[in-house]
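A.B. asks: Sharing a structure here in structure tokens format.
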Amino acid sequence: MPDASPALASDARRVSVLTVLTVLAGAVDAVSFLTMGKVFCALATGNVLFLSFALAGEGDVSVARPATAIGAFVAGAALAGVALKVLAERGRAWFPAGLGCEAVLLVAAGVVTLWRHGTRTAADAGQDHAVIALVALAMGVRASTALRVHVPGMPTLLTQTAIAELVNDVLKRPRTVLRGMPAQQRLARTRWTATVGGIFTGGVLGTLLLVPLGTGRALLVIAAVVLLLAAVTSALPRRAEPAGEPGEG
């Protein structure tokens, strides 16, 4: 049987990086929901529901905020999908580039917020659709970046599938702990757990640590972590990627 450790080491590195990004997504949604007027900039599903409530005239939700977030998210995902594909075909480090673009957009959102609203919290930036658009655009870029990395069960922006996969896996093997599993199955369960725990942890950290900073400063902190992660991944040795297949940048 061939030694699978090199591939698993690469997968473990990917899981670690995407776990950090998942935590940051939870923090982004904590900041956006609690300080931008009840809108999600990362969780597109929530915005689709908010928009449906608003169009139906219920739920005390505006049409403009979720519609802005959805439109910007789609634009970010589309633009990043094209740009990252071009970079990958040219042999460039597309993963750090995707993170760098996300960070720049978050910095822009933070600067705009500080310029227009200062360091205030709560709904001070709630009607600022430019800020919502910039953050949702960044999360759209993130969605395409994570999709191209192609780690099953780790989209970094949502947890529904990971919860279902984890529950079904536990039901199939209720007495099996991680040590008693095959390596690939252990890694899969780790991915699902990291996704669910990462979003939850990010939401808690965002609420307790970032929201009190105010929208602008919170976004700058998140952007700084994304930039640091981009620098770290850019410095790591790159794994060869077959043409036309998503992989690590």
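A.B. asks: Which log10 I(q)/I(0) values, to two decimals, does region 19-106 give at q = 0.18 Å⁻¹ under the Debye formula with one point per Cα?
C.D. replies: -0.84
A.B. asks: Could you put Cys41, Cys101 in order of accessible surface area, largest first, with the 1.4 Å probe and the full protein assembly present?
C.D. replies: Output order, biggest surface exposure first: Cys101, Cys41.
A.B. asks: What number comes out for accessible area per residue over region 66-119 if the probe is 1.4 Å? Units Å², please.
C.D. replies: That works out to 46 Å² for each residue.
A.B. asks: Okay, moving on. So how much accessible area does Ile163 have, in Å² to the nearest 10, using a 1.4 Å probe?
C.D. replies: Rounded to the nearest 10, the figure is 80 Å².
A.B. asks: Would you rank Arg191, Arg13, Arg92 by solvent-accessible area, highest first, keeping every protein chain in place and using a 1.4 Å probe?
C.D. replies: Greatest to least solvent exposure: Arg92, Arg13, Arg191.
A.B. asks: Whose amide H sits under 5 Å from the amide H of Phe40, counting only residues 5 or more places off or on another chain, with H placed in the peptide plane?
C.D. replies: Those lying under 5 Å, H to H, from Phe40 are Asn47.
The values are calculated or read from the model by the stated rules, or taken from the named source; none is laboratory data. As the structure is a prediction and not an experimental result, all values here were calculated from the model. Note: accessible area is taken over every heavy atom of the protein model, side chains too, but ligands, DNA and RNA are not part of it. Shrake-Rupley method; radii C 1.70, N 1.55, O 1.52, S 1.80 Å.
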